[in-house]
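Notes for the one structure printed next.
Derivation of every value follows stated rules applied to the coordinates shown; laboratory data play no part. This one's a predicted model, so the numbers in the text were calculated from it and none came from an experiment. Glycine gets a Cβ as well: all are built from the backbone with ideal geometry, and neighbour counts include every protein chain shown.
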Amino acid sequence: MKISLINGSPRKNRSCNFLIDNAIEGIKTISEEFEINKIQLADYKITPCNGCDQCLRPPNDCPLAEDDDIKKLEDLVLGSSAILIAAPNYFGSICSQTKVLIDRSRPWKMKNYLLKDVILAPMAATGLRNGGEGVISDLVNFGLIQGMIV
């Protein structure tokens, strides 16, 4: 079973990373046989969606994928049985890096729901007060739109 854990924060060694590392430790207590795939979103260049809607037309590919790292992420994430996404709270919502990943995953939906029935575990890191609800809501909506089990 492959489990992908995505640190959606632009800061690699902060709260989201702490959450993911703790999740990995918990997963390992269940079984050492899980294939664990830790992804630092900050290590990848993902161009924001420009709204061209090419992904709506077969073969449902994004032209931006030729010049950024979305295909690398796709190769890492697709085939996972479960995906955990940890994102920080920025003004009551997810940070732009995580939002760009969500927006650019649209072709995965348009190619007959490539994440369908994959388990999604959303996690939020928040600072001063509140805000985690907005992050979780954004991630849950992403999962539901993709046909995931949330």
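Restrict the search to the stretch 79-109; then list the chymotrypsin sites (Phe, Trp or Tyr not before Pro) that DSSP places in a loop and that have at most 14 other Cβ atoms within 10 Å of their Cβ.
Details: sites: Tyr90, Phe91, Trp108; in loops: Phe91.
Those satisfying the criteria are Phe91.
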Tabulate in residue order the Karplus-calculated ³J(HN,Hα) for the stretch 9-26, using 6.51 cos²θ - 1.76 cosθ + 1.60 with θ = phi - 60°, rounded to whole Hz; enter x for Gly and Pro. 7, x, 9, 6, 10, 10, 4, 4, 5, 4, 4, 5, 4, 5, 5, 4, 4, x
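If you restrict to DSSP beta bridges whose two residues both lie in the chain, what percentage is antiparallel, to the nearest 5?
Numbers: 2 of 21 bridges.
Taking every DSSP beta bridge within the chain, about 10 percent pair in antiparallel fashion.
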Return the distance in nm (one decimal) between the two label points of a simple spin-label model at Ala42 and Ile30, each offset 7 Å from Cα along Cα→Cβ. 2.7 nm
Taking the alpha-carbon distance from Lys45 and a cut-off under 16 Å, which lysines remain once sequence neighbours fewer than 8 residues away in the same chain are dropped? Lys12, Lys71, Lys72, Lys99
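Can you tell me how much longer the chain between Asp117 and Arg11 gets when fully stretched, taken as 0.36 nm per residue apart minus their C-alpha distance, in nm with one decimal?
Values: separation 106, 0.36 × 106 = 38.16 nm, distance 2.97 nm.
Roughly 35.2 nm would be gained on extension.
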Per residue, the convex hull enclosing the alpha carbons of the stretch 23-66 has a volume in Å³ of 144 Å³
To the nearest 0.05, what FRET efficiency results for Arg57 and Leu144 with a Förster distance of 35 Å applied to their C-beta separation? 0.90
Work out from phi, with θ = phi - 60° and the Karplus expression 6.51 cos²θ - 1.76 cosθ + 1.60, the ³J(HN,Hα) of each residue of the stretch 34-41, listed in order in whole Hz, and give x for Gly and Pro. 5, 7, 9, 10, 8, 10, 9, 4
Just to be sure I understand: with springs between alpha-carbon atoms less than 10 Å apart, which residue in Ala86, Ala65, Ala125 has the highest mean-square fluctuation in the Gaussian network model of the chain? Ala65
Specify which labelled value, from (i) 29.9, 98; (ii) 16.1, 54; (iii) 14.9, 45, agrees with Rg and Dmax of the Cα atoms in Å derived from the coordinates of the model shown. (iii)
For Ile149, residues with placed amide H under 5 Å, excluding near neighbours: Asp117, Val118, Ile119, Leu120
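Where Lys and Arg each count +1 and Asp and Glu each count -1, what net charge lies around Ala125 among other residues with Cβ under 12 Å from its Cβ?
Numbers: positive: Arg11, Arg14; negative: none.
With Lys, Arg at +1 and Asp, Glu at -1, the net is +2.
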